[in-house]
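A short reminder: the numbers here are calculations on the coordinates, not readings from a lab. Since we're looking at a predicted model, the values are computed, not measured. Cβ atoms come from the backbone with ideal geometry, glycine included; neighbour counts cover every protein chain shown.
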Amino acid sequence: MTVSELHRYTLSNGLRVVLAPDSTSPVVGVSVHYDVGFRSEPEGRTGFAHLFEHLMFQGSESLEKLAHFRHIQSSGGTFNGSTHPDYTDYFEVLPSAALERALFLEADRMRAPKLTEENLRNQIDVVKEEIRLNVLNRPYGGFPWILLPPVLFQTFPNAHNGYGGFEDLEQATVADCAAFFDTYYAPSNAVLTVAGDFTVEGAQELIEKHFGDVPARPRPERPSFAEPPPAGEIRSDHEDRLAPLPAVALGYRIPDPIDELDAYINYLVLAGVLADGDGSRLQQRLVYGDQLVTDVGAGCGLFGPFEARDPDTFTITAMYSPEVDVDTILTAIDEEIDKLASTPPDAEELAKVTARWAATLHKEHDRLVSRTLALGAFELLYGDPALVYSLPERISAITPDAVSAAAKSLRSDSRAVLTISPAPGAAE
Amino acid sequence: MSRSADEIGRTERGPRPLPPLGEQRAATGLSSVDKVLDNGLRVIAVHQPTVPMIELRLRVPFAGDDPMHAARAEVLAATILTGTDKRDRIAFDTDLALVGGELSAVVDPELLSIGGNALASGFDTLLDVLADALTGATYPDDEVEGERGRLIERITVARSQPSVIARQALQKHRYGDHPFTREMPEASDVAVVEAADVRALHTACVLPRGSVLVLVGDVEPARAIAAVAGALGGWQSDKSASVLPPLPEITPQDLLLVDRPGAVQSQFRLSAQAISRTDPRYPALQLANLAFGGFFSSRLVENIREDKGYTYSARSSLEFTPDGATLLVDTDTASAVTAGALLEIRYELGRMAMVPPTESEVDTVRQYAIGSLLTSTSSQGGLASQIAALAILGLGVDWLTQHPDRLKAVTVEQVAEAALEFFAPTRFTGVIVGDAAKLTALRALGGVTLQ
């Protein structure tokens, strides 16, 4: 892999900067990660972090509404943003001639976004359509990312719906937006990442020119979202009138992804051994052997690994026939986990997982957008973007005994079990 | 510190000017080989050693007019990688996994597509696994039986998705029962597919002649081609793979309202006849389409999303088949604003014809088309998929590298001609899927027939 030489530094206003030059293709990626996600939104304002992400595209002091999109696209670039449990990212990928433009656009909205009543009302409507599209009007909407957390977690930050309820979204005010911006969108609470075709000196100069005079504001205190794991097996059922088949999601608590990274990676490898590929344990047992389920998957994180702080979730999900009793599936899963807990996986099983992860990370690195975002997220969460490049080595260093120990910790007496039940006669 | 939104939105210095674009460095040329092997398989290998991986895309023309073709083809795709004399399902997965690889097969009314990737060091294994499936798939009875059952459940789940319901309704409305509409077989047809049917279909239709294999990554093209010739030498037939026959032209007609009681959102799927990539008018049409709804800063998105808040996503795109292309206009809107959205979509279509894209709009879409081509082909996977899509239309890497010049040559007048010729509202047909009881306002607008 062409590992970019990484340059890290901090501007006088506290903005952290990561530069990863690589001249393979004449394109650049620019991202800004803000250290606030939907776990930080207040009660009564569910969905606010995501709604605010939409507003950040609606104009700033130098940019009328729609100008942000037009300037990026007329430079030949693409853009997006996304809201996660612990951070919100904004990014664009463009031909390298447009680097200064991208920096200008990100700096302008970090300095002085236009937060207006008209744009807020318009984006509340757009977000409601997004929720109708992705959750309310489709089967399995929000499964499991919205539906599992309230079963596994007790406290509002961890348990609530990050897309938000319509009644909460509708009550959002411009004053809420101003307070949220002033608290969380300080330069000292953000990471700027530039990856791709540029020179370090040239980029540093442009970054100072555009971000240097964004006024410093205090970095907000980051609260702990820690809470104890469930004291038993907590079950919950969700009736889905659009779903034709039942589904189940298991949620387990896992080690702190930041402070106990290697312990966390054990679970990543365990997920691979359990469910990655036709030869994996749960595919063999549940899909092809006992033929209990149509599909099964396992993984760390509700949106993937390395993108949340503690507490994070290990999930196993499956879709199954209405004739099958969910307890039969749970028993089979528990038996497979027990087997791994008592007998460590063999070397070839781990070699398969390790090689597939190496390939996955190469592919991620090859896509400039995912490379830029990974470097920014690792700077934000771990204070170390180079960790991205050490992951294949760390994954391949995991031992069979460590995977076995991870399996042993997935206890049926401390987990969430969410089932989706098709409403009787509703599906066609 | 508590500032108002007004205070946040301005600084002492005031608005700043947009910086100009810098000097754009050109992409380095692609080193590639494009060759037809003795067995009739066209192989395109491109050297792009950005990461030590190899991406593979095989496209086999796979059309069939037998009413059972779609069901058999679906079972074939689900089981082609589950058994040969050398490998069972687990051995397929193990051999691929050990070289960081994956392969999967999907089928549609036009193509059987097998795609995947592996660490470049595992290139020979990847080819060996592919060759084994192409020349030796046995379709074991128990695998066919198992996949048949799972397919029936997956089809049931897929058919509950509004996007699938809408696509099926559009296909039927614009093409009747043409084989092109059979994108997802009936569960009852899948239920009666036997292993012997699938084996016969493989023998008759999984053929090298007329198929294309694209390889992009960290392998020298000459070595890649030689390796393919060696590995796939046993894949032989005198017959050619089965190309989808030309589709009938789309007939403009009323939109069909498909009732989905209880729906909280309506799916719009509109379509009109377009032209293929080799038509001299194509670059102008590509730009006109972008200006209408092909990217975020388009007329359609700025109107119905950013102004009206009717939708989260709206887009127009071109769908290519071997002999032509169609325009698609898609959006999803809440029931209460569905009629309003239809009014605006028709307005924007009419405006394309009557008030064509300005010079500034054309400049924007031109830059976007050139720039996004550059970014989307900068990864191995993106480049492989783009080349595979072109190759099946008979085009190659040259078409891709020359396309920026074609886009630069398009005039504002040519875009206006394309806008009038292809976007006039009278050229469209389509469907709206939603809760008809909540959509009575559509009657006032007309041009919509309830199913």
Query - With eigenvalues of the C-alpha gyration tensor scaled by 5 and rooted, chain B, Å - result: 40, 30, 22
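What is the mean number of Cβ atoms from other protein chains located within 10 Å of the Cβ atom of each residue in peptide B:144-153, rounded to a whole number? Display every interim value, and only then the final one.
On the way: counts 0, 1, 4, 1, 0, 3, 8, 1, 2, 9.
Averaged over the peptide's residues, the number is 3.
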Report summary line: Residues other than residue A:410 with Cβ under 10 Å of its Cβ, Lys/Arg counted +1 and Asp/Glu -1, net out at +2
Report task. Report relative contact order for region A:7-211 in percent, whole number only (criteria: Cα-Cα under 8 Å, sequence separation at least 6). Result -> 40 percent
Report task. Treating only the Cβ atoms of Lys and Arg (+1) and Asp and Glu (-1) as charged, compute the dipole magnitude of chain A about its Cα centre; round to the nearest 20 debye. Result -> 560 debye
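Sum up the charges of everything whose Cβ sits under 11 Å from the Cβ of residue B:18, counting Lys and Arg as +1 and Asp and Glu as -1, but leave residue B:18 out.
Once positives and negatives cancel, what remains is +1.
Between rounded, prolate and oblate, where does region B:335-451 land on the alpha carbon gyration tensor, with a ≥ b ≥ c its root eigenvalues, rounded for a/c under 1.5, else prolate if a/b exceeds b/c?
Prolate, since a/c reaches 1.5 and a/b exceeds b/c.
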Query raised in the report: Where in region A:316-378 are there GluC sites (Glu not before Pro) that are in a DSSP coil and have at most 16 other Cβ atoms within 10 angstrom of their Cβ?
Result: A:323
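Quick one: which of B:402-413, A:188-199 comes out on top by average Cβ neighbours within 10 Å, and what's the full order, highest first? Don't skip to the end; give the middle numbers.
Working: B:402-413: 14.6, A:188-199: 23.8.
Result, highest mean Cβ count within 10 Å first: A:188-199, B:402-413.
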Query raised in the report: Quick one: what does P(r) look like for region B:31-231 with 10 Å bins over all Cα pairs, in whole %?
Result: 9, 33, 33, 20, 5
Query raised in the report: Can you give the mean number of other chain Cβ atoms that lie within 10 Å of the Cβ atoms in peptide A:119-125?
Result: 3
Report task. Taking chain A as the reference, fit the longest principal axis to its C-alpha atoms, fit the long axis of helix A:347-366 to the helix C-alpha atoms, and give the angle between the two in degrees, 0 to 90, nearest 10. Result -> 20 degrees
Query - Residues in region A:70-93 that a label on residue A:258 would reach, taking backbone N under 20 Å of a point 7 Å out along Cα→Cβ - result: A:82-90
Report summary line: Out of A:317, A:294, A:328, a Gaussian network model of chain A with alpha-carbon springs under 10 Å gives the largest mean-square fluctuation to A:328
Report task. Over the whole of A:350-362, what's the average partner chain Cβ count within 10 Å per residue? Rounded to a whole number, please. Result -> 5
Report summary line: Note to self: C-alpha centroids of region A:28-107 and region B:80-111 sit apart, in Å, by 40 Å
Query raised in the report: Summing Lys, Arg as +1 and Asp, Glu as -1, what charge do residues with Cβ under 14 Å from the Cβ of residue B:279 carry, residue B:279 excluded?
Result: 0
Query raised in the report: By a straight-distance test (C-alpha under 30 Å), which lysines pair with residue A:408 as possible cross-link partners, with residues fewer than eight away in the same chain excluded?
Result: A:339, A:352
Requested in this report: May I ask which of A:65/B:438; B:308/B:438; A:65/A:128; B:35/B:408 have a Cα-Cα span longer than 24 Å here?
Outcome: A:65/B:438; B:35/B:408
Query raised in the report: Hey, what angle do you get for helix B:195-205 against the long axis of chain B, alpha-carbon based, 0 to 90 degrees rounded to 10?
Result: 80 degrees
Requested in this report: State, as an integer percentage, the relative contact order of chain A based on alpha-carbon contacts under 8 Å between residues 6 or more apart.
Outcome: 22 percent
Query raised in the report: Under the classification rounded if a/c is under 1.5, otherwise prolate if a/b is larger than b/c and oblate if not, where does the protein assembly as shown fall, given a ≥ b ≥ c as square roots of the Cα gyration tensor eigenvalues?
Result: rounded
Report task. Give the peptides A:254-267, B:44-57 in descending order of average Cβ contacts within 10 Å, highest first. Result -> B:44-57, A:254-267
